[in-house]
1. Pick out which of Ile155, Ile49, Ile113 has the largest mean-square fluctuation in a Gaussian network model of the chain, springs linking Cα atoms closer than 10 Å.
2. Which residue fluctuates most in the GNM of the chain (Cα springs below 10 Å): Lys228, Lys206, Lys144?
3. Under a cut-off of 28 Å between alpha-carbon atoms, report the lysines in cross-link reach of Lys109, not counting same-chain residues fewer than 8 places apart.
4. In a solvent-free Debye calculation with one equal scatterer on each Cα, what is log10 I(q)/I(0) for the stretch 164-267 at q = 0.12, 0.19 Å⁻¹, listed in the order of the q values?
5. Using a 10 angstrom cutoff on alpha carbons, build the Gaussian network for the chain and name the most mobile of Asp191, Asp254, Asp156.
6. Grab the Cα-Cα distance for Leu97 and Ile119, subtract it from 0.36 nm times how many residues apart they are, and report the gain in nm with one decimal.
7. Suppose a student asked you for the relative contact order of the chain, using Cα pairs under 8 Å spaced at least 6 residues apart; what percent would you report?
8. Tell me the Rg and the Dmax, in Å, that the Cα atoms of the chain produce.
Amino acid sequence: MILGVYWYYQFPENLYQFQYFNFERGYGGHIDNRAELHAVIKVPNPENILPKLKNSVSEFPSASLYVGMHENLLSFTISGYYLFDFHFQLAREIEKLLVSENAVSPDLKAPFIKEYEQIFKHSGTDRFDPVQHRFLQIVGSEFKKNNAENLSIRIDCYLSVSHKTEFILDVKKSCLEENIHVFYYHEKEFDHQCNLMIFFTNGRQKQEDIQFVDINSFGRRIRLLGQKYPLQFGHFGGMEYYPLTLTKVELMTDDEYIIQTKTQHHD
């Protein structure tokens, strides 16, 4: 699966500008729709564009493109529950091609009805593999810089204060071995125990540097650490011991897209 910075509810303001594509937001909940980058254009010979599109899309093997055709009209749709940077980069490359083909945005008087559709589909999946470890939670975030959200793994756990530092160092080592570049946590110490709320993710996912994470492999590593340390999942005590203190950062990239609170960095 891909963890990291994405857009679903809002357009990434100040990052991309499009001539043909429009961003159609996701709604979630009962609607449960995908966000989309969508364009309808008019060209004299649309069938000439398809071979050129194939070359453009081949540079983005992690994204899918749906192309519809009706007479001299073409529609383009890039969709997903998580639209990462590389999806917007693909739209930008398609727009370069459309400009070179003198495409125009038509004033449609009726809904676009496809007579023909071609799908350029990547080999992966828009959904992540089923999580095999119940202590791993997949969570989103509130809006950050440029309307960004962030897809993260969260673990709630507690252990004795005397083991916390060594445990954190081992978790950090596991992150580096599992292609995870963001690791931060909240903590609450009491009665020689420490409640932890830990987050793992990555930064912006660009075409030239996409980070794939095997979530179940990472879960197995955490499970092994649970055998090495007196680690328990969940939190101990009542709400007064809930770990909502200063964020402590062990690994970070693109921090303005991930956290916006005062942080304490650890070397």
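Values quoted throughout were computed directly from the atomic coordinates according to the rules given, and no laboratory measurement underlies them. Only a predicted model underlies this, so the values are computations on that prediction, with no experimental measurement involved.
1. The residue with the greatest mean-square fluctuation here is Ile113.
2. Highest fluctuation among the options: Lys228.
3. Within the straight-line limit of under 28 Å, Lys109 reaches these lysines: Lys42, Lys96.
4. Results for the stretch 164-267 at q = 0.12, 0.19 Å⁻¹ read -0.44, -1.05.
5. Asp191
6. That works out to 6.2 nm of additional length.
7. Here the relative contact order equals 22 percent.
8. Rg and Dmax of the chain, Cα atoms, are 22.2, 75 Å.
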